[in-house]
1. Between ASN103 and CYS140, with labels modelled 7 Å along Cα→Cβ, what's the label distance in nm to one decimal, could you check?
2. Work the Kirkwood hydrodynamic radius out for the chain: mean of 1/r over every pair of different alpha-carbon atoms, inverted, in Å.
3. Out of VAL178, VAL26, VAL202, any idea which swings most in a Gaussian network model of the chain, alpha carbons joined below 10 Å?
4. Can you tell me how much longer the chain between LEU188 and LEU122 gets when fully stretched, taken as 0.36 nm per residue apart minus their C-alpha distance, in nm with one decimal?
5. Residue by residue through the range 96-109, what is 3J(HN,Hα) from phi via Karplus (6.51 cos²θ - 1.76 cosθ + 1.60, θ = phi - 60°)? Round to whole Hz and write x for glycine and proline.
6. Could you calculate the FRET efficiency of VAL26 with GLU162 from 1/(1 + (r/R0)^6), where r is the beta carbon distance between them and R0 is 41 Å, rounded to 0.05?
7. Output the pairs from LYS71/LYS163; LYS68/LYS121; LYS163/LYS216; LYS121/LYS216 with a Cα-Cα distance over 30 Å in this structure; if there are none, say none.
8. Give the range of the longest stretch in the chain that excludes all GluC sites (Glu not before Pro) found in loop regions by DSSP and having at most 12 other beta-carbon atoms within 10 Å.
Amino acid sequence: MTENRDDPHNTTDRGEIELISLEASVMEENNRLALENRALLASRGIHALNLLSSPGSGKTTLLVETLKAFKENLCCAVIEGDQQTKHDAEMIAETGTQVVQINTGQSCHLDAVQVARALEKLPLDGVRILFIENVGNLICPAGFDLGESEKVAIMSVTEGEEKPLKYPLAFHLASTLVITRTDLLPLLRFDLERCRNNALQVNPDLGIIETSAYTKGGIEEWISYLRARVATDA
């Protein structure tokens with residue numbers, strides 16, 4: 001039987017092969033630049049955290065409280081990723097922290113190229129912690145290495161205990177899970193222990209910190225965790 005190369009349903013069509021090759025090439029380039037970002041940050045003694053979460057998890061609120069806690073004694077910088085607006089970057093700037101906004105347009109994640117360009121704009125002298133607040137999304141961002149020291153997953157108690165099981169890659173790659181808005185627990189049917197078990201099922205080595213930016217519960221534990229990471233990199 002002769003193969004019909006004009007058949008649009010032909011699974012060996014060259015266009016499909018080229019598409020797969022293009023995707024591989026994009027990832028290879030991303031990973032190459034991620035290595036360069038990581039080397040740059042390491043050479044300056046900067047601990048970089050890639051913050052992953054769904055929209056509305058309270059990620060920016062937690063970050064603002066973190067920056068306030070470090071304001072007097074630890075220099076931080078922020079790369080802020082959103083599809084549109086400078087809203088979150090403006091919140092960060094109000095703390096006195098150096099911040100670069102990246103608007104990704106239709107893209108659902110940051111990549112190493114964007115982070116490399118942002119690093120060129122940030123004054124890095126003296127910075128000890130770099131927070132990379134990724135676009136709100138637990139799927140695409142997890143698959144892209146940015147050159148960070150570690151990934152941190154953030155989820156709110158309003159999102160449901162099953163979140164780690166539904167989006168396992170982000171939780172599998174994260175070193176720590178920060179659960180936010182625990183002040184709302186009395187108002188919700190959220191099983192905190194079940195959430196912890198689900199997260200540990202995906203990643204048995206995952207550290208878990210429970211926080212509330214409003215009551216300040218767990219914030220000191222989170223700050224102590226970050227100080228320990230910086231001390232390790234020193």
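1. Label-label distance for ASN103 and CYS140, simple model: 1.6 nm.
2. Result for the chain, one decimal place: 18.9 Å.
3. The residue with the greatest mean-square fluctuation here is VAL26.
4. Contour length minus Cα-Cα distance gives 19.7 nm.
5. x, 8, 5, 9, 10, 8, 10, 9, 8, x, 8, 6, 9, 7
6. According to the calculation, E is roughly 0.85.
7. LYS71/LYS163; LYS121/LYS216
8. 163-234
Read the figures in this text as sums done on the coordinates, not as results from a lab. None of these values were measured; they are calculated from a predicted model. Note: ideal-geometry Cβ built from the backbone for every residue, glycine included; neighbour counts use all protein chains shown.
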